[in-house]
Amino acid sequence: AYFRTDLGDAQSAAACEYAASEHTISSSHILELEENGIVVIPNALNPEMLHNARRDIHKFQANTSSQGDSGFANSGLADDVRQDQVAWLRIPPFKNWTTERQGEKVNVKTPVDEVAPFVGDSLVHCIRLVRGVAHVLENSSYTGSFFHRVPRQCQLAMYRGDSKSGYKRHLDRCNSSIYDLGLLEWLRLSDYRGRAVTAILYLNDPKRTVQEGGALRCWQPDDSLQSNNSLDRDEGENKELNPSWDIQPTGGSLVIFDSNRIDHMVMPSTTDRYALTCWVNGVLEDK
């Protein structure tokens with residue numbers, strides 16, 4: 001099952017260049033991504049920025065709640081697959097206008113609030129940080145995929161700390177053929193078929209403990225699975241596959257992985273869990 005992203009107004013990697021992304025993601029990180037299919041970058045956000053981003057999430061929830069909307073909605077997938085709630089966040093569009101200050105005309109840029117829900121400055125930084133991954137990939141001559149395009153919206157997922165909300169094992173890229181899906185479904189899932197790299201920024205408490213759960217459980221690449229999305233990927237049904245390892249959703253950590261190689265699932269947690277995700281689309285390397 002897949003939750004769609006909108007590629008209608010996606011941007012090039014060059015358009016997503018962001019200095020903080022360039023500073024955070026090094027050439028050695030990109031090499032690790034190429035070799036292992038995944039890289040974890042701790043402290044991608046400093047403590048103050050993380051604190052402010054978490055504050056922005058609560059403001060976003062409060063702002064949308066005042067309009068009769070929680071800001072988050074069910075993913076739309078089957079309840080036995082995924083139990084989180086999601087919100088789609090965009091950098092608010094801006095309008096330019098001229099005003100007069102102390103007798104001089106000045107240009108002013110302000111958010112168009114009626115077009116986009118409240119997204120604070122720190123959350124905007126987080127969105128730009130994960131979208132900027134695409135430019136770093138191309139600037140570092142990443143060889144796993146090419147011709148990257150980046151959706152303007154990012155997904156903010158909230159998993160309730162109810163010890164049961166999670167997401168079953170899955171692969172972010174859809175590799176099912178037109179014969180498996182049928183023509184209409186194959187066309188509808190064009191954005192999933194194009195996913196190349198997944199970037200996840202955790203916006204949880206930086207002191208979150210292992211006992212609180214919510215780990216991202218990952219599996220090393222297994223070539224026997226890459227062309228078969230219909231296979232039941234549940235760990236219990238695939239005991240012969242490569243062993244898994246867990247990545248803790250520590251606040252401020254950035255996880256980048258190959259959407260076509262890394263199977264993963266979200267484990268239940270005892271405290272609310274927040275993750276901001278950007279899926280970078282691209283053309284895969286021919287092997």
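The values are calculated or read from the model by the stated rules, or taken from the named source; none is laboratory data. Everything numeric in this text was worked out from a predicted model, so none of it was measured. Ideal geometry is used to build each Cβ from the backbone, glycine not excepted, and the neighbour counts take in all protein chains shown. Keep in mind that these areas ignore ligands, DNA and RNA; they rest on the heavy atoms of the full protein, side chains included. Shrake-Rupley method; radii C 1.70, N 1.55, O 1.52, S 1.80 Å.
Looking at the structure I just gave you, is S12 hydroxyl-bearing (S, T, Y) and open to solvent by less than 40 Å² (accessible area, probe 1.4 Å)? For S12, the condition - hydroxyl-bearing (S, T, Y) and open to solvent by less than 40 Å² (accessible area, probe 1.4 Å) - is not met.
Going through region 28-61 one residue at a time, which ones are within 14 Å of E138 (Cα to Cα) and open to solvent by 80 Å² or more (accessible area, probe 1.4 Å)? Within region 28-61, just L31 meets the criteria. S163 passes every criterion in (1) open to solvent by 20 Å² or more (accessible area, probe 1.4 Å); (2) at pLDDT below 95; (3) hydroxyl-bearing (S, T, Y) apart from (2). Here A157 clears all of (1) over 14 Å from the mean Cα position of the chain (by Cα); (2) modelled with pLDDT of 95 or more; (3) surrounded by 15 or more Cβ atoms within 10 Å (Cβ to Cβ) except the condition numbered (1).
Contact map, region 257-273: first residue in a strand (DSSP E or B), second residue acidic (D, E), Cβ cut-off under 7 Å, separation 6 or more or different chains; pairs are S269/E212.
From the list G251, G182, exactly one residue is surrounded by 18 or more Cβ atoms within 10 Å (Cβ to Cβ) and either small (G, A, S) or modelled with pLDDT under 75 (or both). Which is it? Even if it seems obvious, please write down each step before you answer.
Details: G182 fails: surrounded by 18 or more Cβ atoms within 10 Å (Cβ to Cβ).
Sole residue among the options that is surrounded by 18 or more Cβ atoms within 10 Å (Cβ to Cβ) and either small (G, A, S) or modelled with pLDDT under 75 (or both): G251.
Against the conditions (1) crowded, with 24+ Cβ neighbours inside 10 Å; (2) touching a helix residue (DSSP H, G or I) at 6+ places or on another chain (Cβ under 9 Å); (3) over 20 Å from N36 (Cβ atoms), V130 satisfies every one except (3).
Can we say Y202 is within 19 Å of D84 (Cα to Cα), buried (at least 18 other Cβ atoms within 10 Å of the Cβ), touching a helix residue (DSSP H, G or I) at 6+ places or on another chain (Cβ under 8 Å) and modelled with pLDDT of 65 or more? Before the answer, list the steps.
Details: within 19 Å of D84 (Cα to Cα): yes; buried (at least 18 other Cβ atoms within 10 Å of the Cβ): yes; touching a helix residue (DSSP H, G or I) at 6+ places or on another chain (Cβ under 8 Å): no; modelled with pLDDT of 65 or more: yes.
Criteria not met by Y202.
Within region 263-279, the set of residues being over 11 Å from D172 (Cα atoms) and either open to solvent by 40 Å² or more (accessible area, probe 1.4 Å) or in contact with a Gly (Cβ under 8 Å, 6 or more places away or on another chain) (or both) comprises V266, M267, P268, S269, T270, T271, D272, R273.
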